[in-house]
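K.L.:
Structure in structure tokens, see below.
We did not get these values from a lab; they are worked out from the coordinates using the rules stated. Here the structure is a predicted model, which means the values were calculated and not measured. Here Cβ is always computed from backbone atoms with ideal geometry, including for glycine, and neighbour counts include all displayed protein chains.
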Amino acid sequence: MRTLEIHPPSLRVETLNVLKAAAAIVLVVAAYVFRPSFGAQSDLANRQSQIGLLPYQKLVRDAPPAEQRVFRELQEGLLEAERIRAETGHWPDVATLATEGIPPFAPDPTQKIEYKWTSVRQDWVTNYLGVPSEPAQPAWVLVILEPEPGAPADPAPNDETHHRLPDGTTLHVSIWNMPEEQRRTGFAALRLPQNEGWTNWLVGSNAQ
């Protein structure tokens, strides 16, 4: 028979083991807590690619609250402008929309950023351009494209970017913004804002 004498681990060894275990726990918790911030950009890019967004398109739910508000107001203003277009055969100017109290064209004391709105029309393109009072804020443009005379009817279903007037005219509509300090397009009517560096905001995945 052999007799084995078992000694307890030294205090130093025990302390090192405890420190190693604590460090492992801290690393696991840190990885869990900070994972969203480390991967936020890649997660956003993956989500956008999955729903079919193009490089110049973004989802409005990812925009700051102030920009989401302007976007929603432009949606409302677009519907009102379409109503007037259907009734009169002409797109209303900004003064008409403001007189009727239609946002975002009417003055709003609750808005921290003031915008100067201008309507521009060229051929079958109509723009409503909003220039902010602060250059660091984004400018906005609502782009409305009507079909050229004689063009075949657009079979696209009604959705976020395709609206139909009561007479059957299909409109291609879109809402864009870009930092005012980067805007170089003046007040010319925009047909392809993406070529000028504008960002197209969407509620859903109506990628163009």
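K.L.:
If the label point is 7 Å along Cα→Cβ of residue 203, which residues in segment 162-186 have backbone nitrogen under 17 Å from it?
P.N.:
It comes to 162-165, 171-176, nothing else.
K.L.:
Figure the gain on full extension for residue 122 and residue 196 (residue separation times 0.36 nm, minus the Cα-Cα span) and round it to one decimal in nm.
P.N.:
24.9 nm
K.L.:
Okay, moving on. At 0.36 nm per residue, and after removing the present C-alpha to C-alpha distance, how many nm does the segment from residue 79 to residue 158 gain when stretched out fully?
P.N.:
On the way: separation 79, 0.36 × 79 = 28.44 nm, distance 1.34 nm.
That pair, residue 79 and residue 158, stretches by 27.1 nm at full extension.
K.L.:
Given H placed on each backbone N at 1.01 Å, which residues far from residue 139 in sequence or on other chains put an amide H within less than 5 Å of it?
P.N.:
Amide H neighbours of residue 139: 178, 180.
K.L.:
Further question on the same structure: Quick one: length gained pulling residue 165 to residue 59 fully straight, 0.36 nm per residue minus the C-alpha distance? If you can, show how the numbers build up before the last one.
P.N.:
Numbers: separation 106, 0.36 × 106 = 38.16 nm, distance 2.57 nm.
Extending this stretch completely gives an extra 35.6 nm.
K.L.:
Collect residues whose amide H, placed 1.01 Å from N in the peptide plane, falls under 5 Å from the amide H of residue 91; neighbours closer than 5 in sequence don't count.
P.N.:
Close amide H contacts, sequence-distant or interchain: none at all.
K.L.:
Using θ = phi - 60° and the Karplus curve 6.51 cos²θ - 1.76 cosθ + 1.60, what whole-Hz ³J(HN,Hα) does each residue of segment 100-117 get, with Gly and Pro shown as x?
P.N.:
Calculated HN-Hα couplings, in order: 7, x, 8, x, x, 7, 7, x, 9, x, 7, 7, 6, 10, 8, 10, 9, 9 Hz.
K.L.:
Okay, next question. Computed on alpha carbon atoms, what radius of gyration and Dmax characterise segment 55-202, expressed in Å?
P.N.:
Here Rg and the maximum Cα pair distance are 14.9, 45 Å.
K.L.:
Which of the trypsin sites (Lys or Arg not before Pro) across segment 96-169 are loop residues per DSSP, with 16 or fewer other Cβ within 10 Å? Could the numbers behind the result be given before it?
P.N.:
Numbers: sites: 112, 116, 121, 164; in loops: 112.
Within segment 96-169, the qualifying trypsin sites (Lys or Arg not before Pro) (loop, at most 16 other Cβ atoms within 10 Å) are 112.
K.L.:
Through the Karplus equation 6.51 cos²θ - 1.76 cosθ + 1.60, θ set to phi - 60°, convert the phi angles of segment 149-164 into ³J(HN,Hα) values in whole Hz; use x for Gly and Pro.
P.N.:
x, x, 6, x, 4, 7, x, 4, x, 4, 7, 4, 10, 10, 10, 10
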